[in-house]
1. Charges on Cβ only, +1 for Lys and Arg, -1 for Asp and Glu, centred on the Cα centroid of the chain; of Ala545, Val594, Pro267, which one is farthest towards the dipole's positive end?
2. Among the helices of the chain (complete DSSP H runs), which have Cα atoms covering no less than 27 Å along the helix axis and a Kyte-Doolittle mean of at least 0.5?
3. Compute the distance in nm between two label points, each set 7 Å from the Cα along the Cα-to-Cβ direction, one at Ser262 and one at Ala625.
4. Counting only protein chains, not ligands or nucleic acids, how are Arg397, Arg595, Arg336 ordered by accessible area (probe 1.4 Å), most first?
5. Which order do Glu101, Glu656, Glu572 take by accessible area at a 1.4 Å probe, largest first?
6. Measure off, as a whole percent, the carbon and sulfur share of the 1.4 Å-probe accessible area of the range 587-676, all protein chains present.
7. Any idea of Asp66's accessible area? Nearest 10 Å², probe 1.4 Å.
8. Summing +1 for each Lys or Arg and -1 for each Asp or Glu, what net charge is found among the other residues whose Cβ lies under 13 Å from the Cβ of Glu572?
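The values are calculated or read from the model by the stated rules, or taken from the named source; none is laboratory data. Please read these numbers as outputs of a predicted model, since none were measured by experiment. All Cβ positions, glycine included, derive from the backbone under ideal geometry; neighbour counts span all protein chains shown. Surface areas here come from the heavy atoms of the whole protein model, side chains and all, with no ligands, DNA or RNA. Shrake-Rupley method; radii C 1.70, N 1.55, O 1.52, S 1.80 Å.
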Amino acid sequence: MALIHIEPLPRQCSPGVVLAFVCNGTGLDRKHVGKIAFVGRAATVEIADAKAAAAVAALDGSRVQDRPVRVRFAGKADFTDADHFARLSKLLDIEAAAEQEEARRRAQAEEGSPVGDGTTLTRLVLRDAEFGLGGRLLLTFARKAGDRLPPTRLQPGSQVVLSQTNVNRRVPSYRGVVFDRDAVTIGVAIDPPDDEIPDEAVWRLDLSPDEVSRLRQQDALQRAAAANGDRLAELRAVLLGERQPEFVVPDATEGSRAPFASELNPPQVEAIALALAAKDVAIIHGPPGTGKTTTLVELIRQAVARGDTVLACAPSNHAVDNLLEKLLAAGELPVRLGHPARVAPELRSRAIDILSEKHPDARQARKVAKEAFALFRQADKWTRDRPQPGEKAALRREARQLLGESRRLEALAIERVLDETRIVCATLTGLDSQLLGKRRFALCVIDEACQSTEPACWLPLLRADRVVLAGDHCQLPPTVLSPQAAEDGLAVSLMERLVGLFGPDASRLLTIQHRMHAAIMGFSNAEFYDNALVAHESVAGHTLAGLDGVRAEPLTESPAEFLDTAGASYDEELEEDTGSRRNVQEASLAARQVRKLLAAGVRAAQIGLITPYRAQVRHLRDLLADVEGLEIDSVDGFQGREKEAIVVSLVRSNAEGEIGFLSDTRRTNVALTRARRKLVVIGDSATLSNHPFYQRMLAYFEGLGAYRSVWELTEE
């Protein structure tokens, strides 16, 4: 028999309650249900193999005693008839093993280091506890003596595990999210526990691997593989290439609707029309600067205007917030799922927890929760007579009942907020059945789809009738830690696979870019976009000299240049602690270029310094620590960003001609297309020219008359 997992269940839930929930929710006879085992607030239930997939689909998001529960497969799937999903499932397991190995390596490094790798904080005591951030319990920790906390990677938005260290018995640990951090304190938001947090405990915080996301993705793959006779099965047939996607011509009324955004260009309008006509899937290919997000906002508004509900997703919180911000600016009022601490502060007013807090049911829930914790404290702290036998237990029992009522009221408030919205925004792996219940959406839009692995994209597809994928497969692929998983296909996004499967029949390319000078655009245009891009007249010739306060001189009047360090002994080296690469001399040259731009009147906030290697990032930040407002980051850090001027340090310079992951030319495409008015690339042509892509890049700069040897530069 197959195993399904149900959580969270009410306290002291009986096997009879679970059996009734399964049978009533699926229509199954009791003979198809086997053993029921409880672990904490969850239950694992045996279901006849042939009935399990339908049971999970029917029960996920349903209610047990007025509270939605999550239901997923608990065991490994039998993918015998679904090779595609079997392969993805195996690759997820390989990636999980790589993540665990990386965590183990960091833990070992921490044991031998006085500060560790920054993923753990120890010897913490509780300084304050209060309710906030959507009804969560906000805990503030510090060192007992008030000492400064050591350097840490735990920052607002980090998922953490909170555990007690000064006890010999087994006690609960709590999962939470960091919501605040300063020199001496760190704040963690957790769901209100069933018992009071002990005041005198000593705690540790550990950065948490996102195991929940992996389990959700594995479950989505199993459900997609097993779907039969429903909309998910129909979508699966299209997305696996078993049948072609279909498109319908809108009726006369829809076809005559004017765009909400009058500034849309013809390729954007055409892409929106294709997406609205899609019965299954459509793809919007948005190269740098072509207004992909603007197009998606218009698509979502058009879909809502015709009566659709829309699930707007992206792989990262930053990308979701970017979409949310533009929807708000357009006058829409989406609801943002996810922990408020992981939402940009200026957008938190649209977070589901914050919105639901304003509802009368939520206000009553907070009042009831405070009463519950007051009873817990009373049970633990008797100051006069000894309690009567059983009195403490009765107080705790009443407190738990009050907490159950509080959570029921919170769930009602959340449900009413969701009932009133047409647009829900969330990360792909942040879709939670306990919040969404059994809600479905007419349209799912996935922004930055090429930065997500395919398994994550199947999560929203469980809830959608149609999907629109938007992104650029010629830029950064999904981040995959395991080389084996990446090589075997986990780094190929769903969008990239479908572009190869359907070609232009199901996709539209946005071709008018509004960011770059034509000369900055030219090389990437030829290499990645078949010269289809056109620089809009407003940007085609703009340079730094056109900015207020910038002095006109050769540096600011030319759009691009390549500074060649070949023959100058600017050799790369390995950073001792990390094994990352840096090039000290090249970094000094890059820093001089930044200072020249500043001297010409370009503001620090208008300049970006990009390099592929973290060691070079650290060294450049040291060299330019005095320049306030200057952004220095890796290629990944600048994805989706832009600056008036960009300086790129490529780092690699060696006698062997090795270029490492610069051979993934999509990374270089990102770096070259962040600049609006000025692009300066620094590298060693002798090393780079061993790769054909960089041979063509060097030839392109030479053709512009923008190639300069380091020997030509004036000594400073």
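1. Final value for the positive-end residue is Pro267.
2. Values: long enough: 83-111 (42 Å, -1.02); 360-380 (31 Å, -0.76); 391-419 (42 Å, -0.56).
The answer is none, since no helix passes both cut-offs.
3. 5.3 nm
4. Details: Arg397 130, Arg595 95, Arg336 0 Å².
Accessible-area ranking of Arg397, Arg595, Arg336, largest first: Arg397, Arg595, Arg336.
5. Values: Glu101 90, Glu656 125, Glu572 30 Å².
The most accessible residue leads, giving Glu656, Glu101, Glu572.
6. Values: 1390 of 3060 Å².
Here carbon and sulfur together make up 45 percent of the probe-accessible area.
7. Per-residue accessible area (Asp66): approximately 90 Å².
8. Details: positive: Arg581, Arg582, Arg652; negative: Asp571, Glu573, Glu575, Glu586, Glu656, Glu658, Asp684.
Neighbour charge sum, excluding Glu572 itself: -4.
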